[in-house]
Amino acid sequence: MPRVKSSPKKCIKTNLQQPANSWIFLLKGEALELSDQYTGSGTPDIVTLRHPNTGESAVFLFSPANNSVQEVLTFNEGKRSWFIDETVKSDGKLHLSTPIDPIFLVLPYLRKYCTNQAIPLDQLLRDEEFPETERLLKSSGLKYLNLIADKKGDEELNAFKYNEEKTLTWLKKKTERVSEILKQKNINVSGGAISATYVKATRGESIDNNAYLKYAHGIVSEYLMDDLSQKLLRYLNLPEDTSVPNLKRKSVALTSGEPKKVKVEEEFKSTSSSNILDLSKPDGKALAKEKARAKAASGSKNISSFFKKA
């Protein structure tokens, strides 16, 4: 019996060595390059803390020595993957970190527990739901905690009592600083704090200082509870705009509470546009043209029919 030659099989190159639980992470190079000099040795830790605005779980990055903290934001789009060397990472999320003043993270605890009494800081930052909150005790930024609270007792006690007048003064300076940066960058904030994107102002266009201040207030309010945001608005002598709510940035938080080590796989620049025309639904004119083409093609033969055997 003659041997039948088998058809060649299609070879598909696969790579099964893709690391599990790996992320695409974007952060400043100095966060790693200067770690031995300023933040100890090792790699940063990613943990979940209580977000100062919502009180819900959010992701933050601590340096190895816990003396600096950054907020981790997640950019996620559907149908996105990353090509890394010879591998394809199906999870197309992009994680990036930005520095945050740790006082914003301590402020909700002060307002909740230290309004009428002074509490030692190591007791104040004990959160059973978010145990990693104690890492804030080593943060270098907390040496300025007296800007929003009154210190009681000696250095060993390290107790604080919330001071709202100090807090509003501190927040006002923060807001004014953000406003000055917006001016220096020549950002168009004519839409107030509700503008969704940064657009550079055209030459010769004059923008009211209150517009910059209102926009800056919206940015700072991303880290404040709603009642404190309203108090800050009145403290800045800005009019309340009840018709349109302030823009609040929403970040994606991890569900796991376990600290994880950061693995930087690639550093790159990514640009995106939010003003994309939605073409998923045709308009009236396009729909009418499609119907006209379908009607004209009725009764016509398929082109493949001309190549069939007679």
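Scan region 227-250 residue by residue and report those that are modelled with pLDDT of 90 or more and either surrounded by fewer than 13 Cβ atoms within 10 Å (Cβ to Cβ) or assigned to a loop (DSSP other than H, G, I, E, B) (or both). Talk me through it step by step, then tell me what you get.
Restricting attention to region 227-250, the residues satisfying the condition of being modelled with pLDDT of 90 or more are 227-238.
Matches in region 227-250: ASP227, ARG234, LEU236, ASN237, LEU238.
Scan region 137-191 residue by residue and report those that are more than 22 Å from VAL69 (Cα to Cα), in a loop (DSSP other than H, G, I, E, B) and modelled with pLDDT of 95 or more.
Selection gives ASN163 alone.
Among GLU129, GLU71, which is of a type in the set (Asp, Glu) and out of contact with any Lys or Arg (no Cβ under 9 Å at 6 or more places or on another chain)?
Sole residue among the options that is of a type in the set (Asp, Glu) and out of contact with any Lys or Arg (no Cβ under 9 Å at 6 or more places or on another chain): GLU71.
With the requirement that a residue be touching a Pro at 6+ places or on another chain (Cβ under 9 Å) and either within 14 Å of LEU105 (Cα to Cα) or buried (at least 21 other Cβ atoms within 10 Å of the Cβ) (or both), what does region 210-221 give you?
Answer for region 210-221, where residues must be touching a Pro at 6+ places or on another chain (Cβ under 9 Å) and either within 14 Å of LEU105 (Cα to Cα) or buried (at least 21 other Cβ atoms within 10 Å of the Cβ) (or both): just LYS214.
Any idea which of (1) surrounded by fewer than 19 Cβ atoms within 10 Å (Cβ to Cβ); (2) under 23 Å from LEU171 (Cβ atoms); (3) of a type in the set (A, V, I, L, M); (4) in contact with a helix residue (DSSP H, G or I) (Cβ under 8 Å, 6 or more places away or on another chain) is the one LEU124 doesn't satisfy?
The one condition LEU124 does not meet is (1).
Can you name every residue in region 88-108 that is among the hydroxyl-bearing types (Ser, Thr, Tyr) and either in a loop (DSSP other than H, G, I, E, B) or without any contact (Cβ under 8 Å) to a residue 24 or more places away in the chain (or both)?
SER90
Which members of region 115-132 meet the condition of being touching a strand residue (DSSP E or B) at 6+ places or on another chain (Cβ under 8 Å), closer than 18 Å to GLU155 by Cα and assigned to a loop (DSSP other than H, G, I, E, B)?
Of everything in region 115-132, those that are touching a strand residue (DSSP E or B) at 6+ places or on another chain (Cβ under 8 Å), closer than 18 Å to GLU155 by Cα and assigned to a loop (DSSP other than H, G, I, E, B) turn out to be GLN117, ALA118.
How many residues does region 109-136 contain that are aliphatic (A, V, I, L, M) and free of Cβ contacts under 8 Å to residues at least 40 places away in the same chain? Break it down stepwise before answering.
In the first step, residues of region 109-136 are kept if they are aliphatic (A, V, I, L, M); the result is 110, 118-119, 121, 124-125, 136.
Now restrict to residues that are free of Cβ contacts under 8 Å to residues at least 40 places away in the same chain: 121, 124-125.
Residues flagged as aliphatic (A, V, I, L, M) and free of Cβ contacts under 8 Å to residues at least 40 places away in the same chain within region 109-136 amount to 3.
Which condition number does ASP101 fail, the rest of (1) under 21 Å from GLU129 (Cβ atoms); (2) among the charged types (D, E, K, R); (3) touching a helix residue (DSSP H, G or I) at 6+ places or on another chain (Cβ under 7 Å) being met?
Of the numbered conditions (1) under 21 Å from GLU129 (Cβ atoms); (2) among the charged types (D, E, K, R); (3) touching a helix residue (DSSP H, G or I) at 6+ places or on another chain (Cβ under 7 Å), the odd one out for ASP101 is (1).
The values are calculated or read from the model by the stated rules, or taken from the named source; none is laboratory data. All of these numbers come straight from a predicted model, not from anything done at the bench. Neighbour counts run over all protein chains shown; Cβ positions are idealised from the backbone, glycine included.
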